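Every number in this text was worked out from the coordinates using simple rules, so none of it is lab data. The structure displayed is predicted, hence computed values, not measured ones. All Cβ positions, glycine included, derive from the backbone under ideal geometry; neighbour counts span all protein chains shown.
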Amino acid sequence: MPTETDAAPDVLTVEEAARILRIGRNSAYALARQWLATDGKEGLPAVRLGRNVRIPRPALEQLLGCQLTVPADGGADGDNVVPIGRSRPAGTL
């Protein structure tokens, strides 16, 4: 079970989320803009903080169906955040 120090940051940049999802930066921004424009009906869950767009970790975990954590040997940048476990079978949303 991950500890508090193993947890990924509470919010991720769009670039960090894109790396986790293995999609391009531009695609991730387009999906985040879609989420904001449709009041959360479609796209990548996102919040706007001033001019910045951030992806809430809990929303990304729910989308993926697994918990995100930072490996013991890594820091908290998006390259080191990895999904662990799955609460439902892969491919189901």
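The table for this structure:
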{"quantity": "Selection of trypsin sites (Lys or Arg not before Pro), region 8-77, meeting DSSP coil and at most 11 other Cβ within 10 Å", "calculated": "Arg22, Lys41, Arg51"}
{"quantity": "Vicinal HN-Hα couplings computed from phi for region 11-27 (Karplus, 6.51 cos²θ - 1.76 cosθ + 1.60; Hz; Gly/Pro x)", "calculated": "10, 10, 6, 4, 5, 5, 5, 4, 5, 5, 7, 6, 10, x, 4, 5, 5"}
{"quantity": "Nonlocal amide H pairs with Val53, under 5 Å, H built at 1.01 Å", "calculated": "none"}
{"quantity": "Residues whose placed amide H lies under 5 Å from that of Ala7, excluding near-sequence neighbours", "calculated": "Val70"}
{"quantity": "Under the Karplus curve 6.51 cos²θ - 1.76 cosθ + 1.60, θ = phi - 60°, whole-Hz ³J(HN,Hα) for region 28-36, x wherever Gly or Pro sits", "calculated": "5, 5, 4, 5, 5, 4, 4, 4, 5"}
